[in-house]
Amino acid sequence: MELRVDSVSKSFGQGSARKLVLDNISFTIRSGEFVALVGSSGSGKSTVMRLVAGLDRPSSGAIHLDGQPVRGPGSDRGMVFQKYSLYPWLTTAQNVAFGMRLQRLPAAEVRERTAYFLEVVGLADAARRLPRELSGGMQQRVAIARALAAAPKLLLLDEPFGALDLQIRESMQEFLHALWRRTGLTALLITHDIEEALLLAQQVHILAPRPGRIVRSVAVDLPAGERAPLRLQPPFLALREDLASCLRGLDSALSP
Amino acid sequence: MSDVSRRQRLLAHPWILGLAGLLLVLLLWSAITATGLVDGLFLPSPAAVFAAAQAQASTGILGRDLLASVSRVFSGFALSAAVALPLGIAMGSNRAICQLLEPLIGLIRYMPAPAFIPLLIIYFGLDELPKVMLIFLGTVFFNTLMIMDAVKFVPHELVETALTLGGSRAQVLRSVITPCIAPQVLDTYRINMASAWNLVIVAELVAANEGLGKRISLAQRFLRTDEIFVGLIVIGLIGLLIDLGFRLLMRRACAWAH
């Protein structure tokens, strides 16, 4: 699996109202990699995600998945939105099975894979509950299970923990890291949280705002295992501070 | 448990105050007629109205009228609901269809449906068809526009999630949009059913052999205010029953939305 984003630019609007949102973005994701895009609001990071998902088209440049140009949404790129993405009329298990049903997998396989992915995200006990009966963290785990159950080549995570409380957020980060180690999934994470990006990703791209462009790329090499202890280690803190000041510099350059 | 808290709990039940309001009006009505201040011709007593209802029920007139009115309302409204659902979904999910039809429907829906009665009689005669068509015409555009709005308010994420899970446009319509709008569709039907009732009475006042509206207009001719009251109360009660039926259906079928 290889995702190539080549010199992608995106503008919205027409004529004099035309606004450049993304300027010449390029990056690559290979099988098993976890890549994060970090930026403040206005950096167009969600637009990058929508372009990769095929929900929007680039104004120029190209996106290829395994050599094939991305022309629209497809089951090879699963997406987890920040919120509101579970089907409120379906139970947890039915939500997880939803993509497999759309793909018309045999019923027995759907049942088996649903049970497996519910197990993976630790929600086997909640199979029959409705989304409104679940906490925010549980809902996002269901959304992740649903995306994974549809067997995507690439998992797209658009601020998946942005709507969660800090504590739940941290436990979800542990969960996602363990999931990545266990399943070997390939993921693209969008976040405004540098710490989250550094803890989860092997490759972090910093996006500058207005127009969105990659200004810095960092390879991260943290040990596997629990994430919590890493947060306090001096090398991690130094890297985090370095990137944070980079982001701050981008913001202050904009203010008058 | 103290008396005070028991009384508070009793009052807290949602039906108690409503029933009290109803009883109050009944009591007031009885009191006014008992004093003889108002001529019984203008305001018959509750007992007289009840007697009239019993008389109509025992001769079978009430049953026939009910059946006639209810079947008109149901066939006209069923037709309206069946046309409005696909049309509303199409308009809500396709911009071109919406732009094509919205101004047209917006225009027609402001034409009062009863004003179509003369045309409908010329087209369809005096049988059941013009009455059914009146109910259809008077409700289909409201049903359509309200369903269209429900579709437009389906969260984008739900649609886009289905697309990124490999869903086709047709699958999105069937598996995302349709179940998502089900509660609003039922509510739309519940609300517009009230207009269907208005229209059937209007249609029967103009031309019919039987029906609750017809009975009311006959009663007027013979100054039978007690029978007019019977008609009004029965219409109100049936409307209330239908409303409750829709609410029950919604609670059963769309438990997730509560």
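The values are calculated or read from the model by the stated rules, or taken from the named source; none is laboratory data. Small disclaimer: the values here were computed from a predicted structure and weren't measured. Note that we place each Cβ from the backbone using ideal geometry, even for glycine, and neighbour counts take in every protein chain shown.
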Handout entry: helices (runs of 4 or more DSSP H) fully within segment B:145-217 counting 3 or more residues that are touching a residue at least 12 places away in the same chain (Cβ under 8 Å) and under 19 Å from the mean Cα position of the chain (by Cα)
Key = B:178-206
Exercise for the section: Kindly provide the set of residues from segment B:236-258 that are touching a residue at least 60 places away in the same chain (Cβ under 8 Å) and among the β-branched types (Val, Ile, Thr), ordered by number. Expected result: B:Ile238
Problem - Only one of A:Leu189, A:Leu185 that is closer than 14 Å to A:Glu33 by Cβ, of a type in the set (A, V, I, L, M) and either modelled with pLDDT under 90 or assigned to a loop (DSSP other than H, G, I, E, B) (or both) - result: A:Leu185
Fill in the blank from the handout: Per the filter on segment B:218-233, residues under 24 Å from the mean Cα position of the chain (by Cα) and of a type in the set (Phe, Trp, Tyr) are B:Phe229
Problem - Evaluation of A:Arg104 against (1) surrounded by fewer than 18 Cβ atoms within 10 Å (Cβ to Cβ); (2) away from chain B (no Cβ under 12 Å) (one fails), failing number - result: (2)
Exercise for the section: Select, from A:Gln173, A:Gln167, the only residue that is more than 12 Å from every other protein chain (Cβ to nearest Cβ), within 16 Å of the chain's Cα centre (by Cα) and part of a helix (DSSP H, G or I). Expected result: A:Gln173
Practice task
Mind counting the residues in segment B:18-45 that are assigned to a helix (DSSP H, G or I) and touching a helix residue (DSSP H, G or I) at 6+ places or on another chain (Cβ under 8 Å)?
Solution key: 4
Handout entry: Sole residue being of a type in the set (Gly, Ala, Ser), modelled with pLDDT of 85 or more and either closer than 30 Å to A:Glu112 by Cα or not assigned by TED's automatic domain parsing to the domain that holds A:Gln103 (or both), chosen from A:Gly249, A:Gly162
Key = A:Gly162
Exercise for the section: Say whether the condition of being in a loop (DSSP other than H, G, I, E, B) and within 12 Å of another protein chain (Cβ to nearest Cβ) is met by at least one residue in segment A:130-139. Expected result: yes
Problem - Near pairs, Cβ below 8 angstrom, 6+ apart or cross-chain, from segment A:64-84 (away from every other protein chain (no Cβ under 12 Å) and buried (at least 19 other Cβ atoms within 10 Å of the Cβ)) to any residue that is modelled with pLDDT of 90 or more and in a loop (DSSP other than H, G, I, E, B) - result: A:Leu65/A:Asp76; A:Leu65/A:Lys153
Problem - Qualifying residues in segment B:137-168 (those that are small (Gly, Ala, Ser) and within 7 Å of another protein chain (Cβ to nearest Cβ)) - the one farthest from B:Ala113 (Cα to Cα) - result: B:Gly166
Problem - Count - residues of segment A:140-154 that are at the interface with chain B (Cβ under 10 Å from one of its Cβ atoms), of a type in the set (A, V, I, L, M) and surrounded by 24 or more Cβ atoms within 10 Å (Cβ to Cβ) - result: 4
